[in-house]
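Right, one structure below, let's go through it.
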Amino acid sequence: MSEKNHNIKIPCTAMPFICEADRCAAGENEIHINRTFDCNVVILLLKGSMEIIEDGVPYRLSAGDIFFLKGGVHHWGEKPFERGTVWYYAHFLCPEPDGDMRPYRPPQVTETDRVYLQGGDSRQYIELPKLLRQEDFSEAERLFRMLAAAHSRGDIPRASMLMWDIFLHCTEAESRPRDTSNVYAEQIRNYIEKRYREEISSADIENLCGISYKHICTVFRESTGMTIKKYIIGVRLKHACRMLAETSLSVTEIAEAVGFGDVYYFSRIFKRERGCSPVEYRRSYVPRI
């Protein structure tokens, strides 16, 4: 999946104006509105998941993600938000950097250095990440909660300052070194645990992580020691074993319930991985069923 260059750039001297900010929960079968919006948009997803497509590029957001949509660019949704999805959002206006501005680079100084900035040093901008994924998003949630509260009071200066705090939180978090292999692997594991009953395609995994499927497979195997396909099979068989032991459903019904459309394929994989057939497994654990 190729990402288009719709990252938002903020001049270092600009103060964003917050048009709207609030906390929302998804209604039944809610889909992101189809629009081309003048304002920039930032979203912090607290719970659940949602899909947003910007200029033809799909993004799948999960809990902890901060996502920026650029004003004037067409965006929409095609899949309903997951039931129970909760998020903060803010619409904001901010001037674009002038053509002669350069990306901001923090000066390399020590604590004992005396820094003197000249007027030309203000001709810089920061570039916000399109999508920031976070495991710990407590600080981001605090900032968004304060932003929504300031906006609800009509406190324009404080809301603008809090939005800058969010900008800096995102740029600093993105530049912080981290083990992306573990981050992506954890995302994929959580996704599979929730959707193992469904047909999970390479496109689904690409949309989740925002990088190519070939690269995802490499980092997942480095982190877990197994392929994504093998992990999906393992999760499905884990749930199949529980159902064989705890229910009276037929082998065919269980195969369908855990994501195997073909009962013969399910039986073959089960015997290969567990060393016995599903029927033999059931008899060994619950002989009266």
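The values are calculated or read from the model by the stated rules, or taken from the named source; none is laboratory data. It should be emphasised that the depicted structure is a prediction, and the values quoted were computed from it without experimental measurement. Backbone-built Cβ (ideal geometry, glycine too); neighbour counts: all protein chains shown. We work out accessible area using only protein heavy atoms, side chains counted, and drop any ligands, DNA or RNA first. Shrake-Rupley method; radii C 1.70, N 1.55, O 1.52, S 1.80 Å.
A few notes on this one:
- Per-peptide packing, taken as the mean over residues of other Cβ atoms within 10 Å, places 141-147, 277-283 in the sequence 141-147, 277-283 from highest down.
- When peptides 32-42, 56-66 are ranked by their average number of other Cβ atoms within 10 Å per residue, the highest-first order is 56-66, 32-42.
- FRET efficiency, residue 215 to residue 165 (Cβ-Cβ, R0 25 Å, nearest 0.05): 0.20
- Using alpha-carbon coordinates, inclination of helix 180-195 to the longest axis of the chain, degrees: 50
- Farthest towards the positive end of the charge dipole of the chain, among the residues 31, 58, 192, is the Cα of 192, using unit charges on the Cβ of Lys, Arg, Asp and Glu.
- Using R0 = 22 Å, the C-beta based FRET efficiency linking residue 222 and residue 193 works out to 0.65.
- Within the chain, DSSP assigns beta bridges of which about 95% are antiparallel (rounded to the nearest 5).
- Accessible surface, the chain, averaged per residue in Å² (probe 1.4 Å): 55
- Overall, the chain carries a charge dipole of about 1300 debye about its Cα centre when +1 sits on the Cβ of Lys and Arg and -1 on the Cβ of Asp and Glu, all other atoms neutral.
- Folded to 0 to 90 degrees: helix 228-246 orientation relative to the chain principal axis, Cα: 50
- Cα gyration tensor category, rounded, prolate or oblate, for the range 1-54 with a/c compared to 1.5: oblate
- Overall Cα dimensions of the range 139-289, principal axis frame, Å, largest first: 70, 34, 23
- Span from the the range 183-255 Cα centroid across to the the range 14-31 one, whole angstrom: 32
- Taking the range 104-261 as the region of interest, the number of lysine pairs whose Cα atoms are within less than 19 Å, with members eight or more places apart or on different chains, is 7.
- The convex hull defined by the C-alpha atoms of the range 9-91 has an orientation-averaged projected area of 5.5 nm².
- The chain - convex hull of the alpha-carbon atoms, volume per residue in Å³: 176
- Rounded tilt (10° steps) of 263-274 against the dominant C-alpha axis of the chain: 90
- Fraction of accessible area attributable to carbon and sulfur, the range 1-83 (%, probe 1.4 Å): 47
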